[in-house]
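K.L.:
Submitted below is the structure of interest, expressed as structure tokens.
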């Protein structure tokens, strides 16, 4: 991803009257999503929106968020920064007691217990690297999962249930915890890119950080049409004891004009397909979006 292009997009979309959504042919996209579902394994949830209309497949059903929970956590952190409750250069104690994540991204921190890092550093590690230690450290600094859930409700974003730290010990009934619907995630992305959630500075910081995501380049990014750009957040996890069987990728797809966009949220769970096949399905959603945008 060319950072200069991302920054151009951010500037345009946070400047009144300059940005606009791509025109999405929802009949075309709904048809293609239905075809993709017939060849898929497991539960599939998708929502794609241009801000005016949306295509959805099981968009109102709840799915485990896994690493995608880091996106609403980031919104909560930056909202606290906007309100002066915390600061980007504040030192935050690392929550280094790893309880295991049932297949999620493990903590990547090598710092000894009791180490500290700045809020901004943890934010980047959380979004760009799926660092679960950074996630839980920020959640704790905010006051726990209820603080994140309360912020989403206050902002008017429904469809999330954030009630656990990312690395909390779990049985396989945890699928009811840290969940969200594809529609809820798409709404959050739409509100973020429109500048309705955070200050312009905080919105730009989060979008720029999402542009640095390194995990799972074989998903939405692999299916981007020529000339399109992506800022996103991806994740994986287990919904059964057999091993990883869930994948997700959510993000903002930017058209070649760098001024129009669509948001997309794709979730797969309870899938018996291979990691490669799940990634290919998500990539095909990006290809379908490109073919159905005018």
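The values are calculated or read from the model by the stated rules, or taken from the named source; none is laboratory data. It should be emphasised that the depicted structure is a prediction, and the values quoted were computed from it without experimental measurement. Using ideal geometry, Cβ is built from the backbone for each residue, glycine included, and neighbour counts are taken over all protein chains shown.
K.L.:
In segment 22-33, how many are without any contact (Cβ under 8 Å) to a residue 60 or more places away in the chain and out of contact with any strand residue (DSSP E or B) (no Cβ under 7 Å at 6 or more places or on another chain)?
P.N.:
Result for segment 22-33: 2.
K.L.:
Now for a separate question. Which of (1) farther than 29 Å from residue 83 by Cα; (2) at pLDDT 95 or above; (3) within 18 Å of the chain's Cα centre (by Cα) does residue 287 not meet, given it meets every other one?
P.N.:
Failed condition: (3).
K.L.:
Of the residues 215, 222, 184, 147, which is in contact (Cβ under 8 Å) with a residue 12 or more places away in the chain and touching a helix residue (DSSP H, G or I) at 6+ places or on another chain (Cβ under 6 Å)?
P.N.:
On the way: 215 fails: touching a helix residue (DSSP H, G or I) at 6+ places or on another chain (Cβ under 6 Å); 184 fails: touching a helix residue (DSSP H, G or I) at 6+ places or on another chain (Cβ under 6 Å); 147 fails: touching a helix residue (DSSP H, G or I) at 6+ places or on another chain (Cβ under 6 Å).
222 is the lone residue from the list that is in contact (Cβ under 8 Å) with a residue 12 or more places away in the chain and touching a helix residue (DSSP H, G or I) at 6+ places or on another chain (Cβ under 6 Å).
K.L.:
Can you tell which of 270, 232 is buried (at least 17 other Cβ atoms within 10 Å of the Cβ) and touching a residue at least 12 places away in the same chain (Cβ under 8 Å)?
P.N.:
On the way: 270 fails: buried (at least 17 other Cβ atoms within 10 Å of the Cβ).
Of 270, 232, the one residue that is buried (at least 17 other Cβ atoms within 10 Å of the Cβ) and touching a residue at least 12 places away in the same chain (Cβ under 8 Å) is 232.
K.L.:
Before we move on, is residue 247 modelled with pLDDT under 95 and part of a loop (DSSP other than H, G, I, E, B)? If you could, list the steps in order and put the result at the bottom.
P.N.:
Details: modelled with pLDDT under 95: yes; part of a loop (DSSP other than H, G, I, E, B): no.
It is false that residue 247 is modelled with pLDDT under 95 and part of a loop (DSSP other than H, G, I, E, B).
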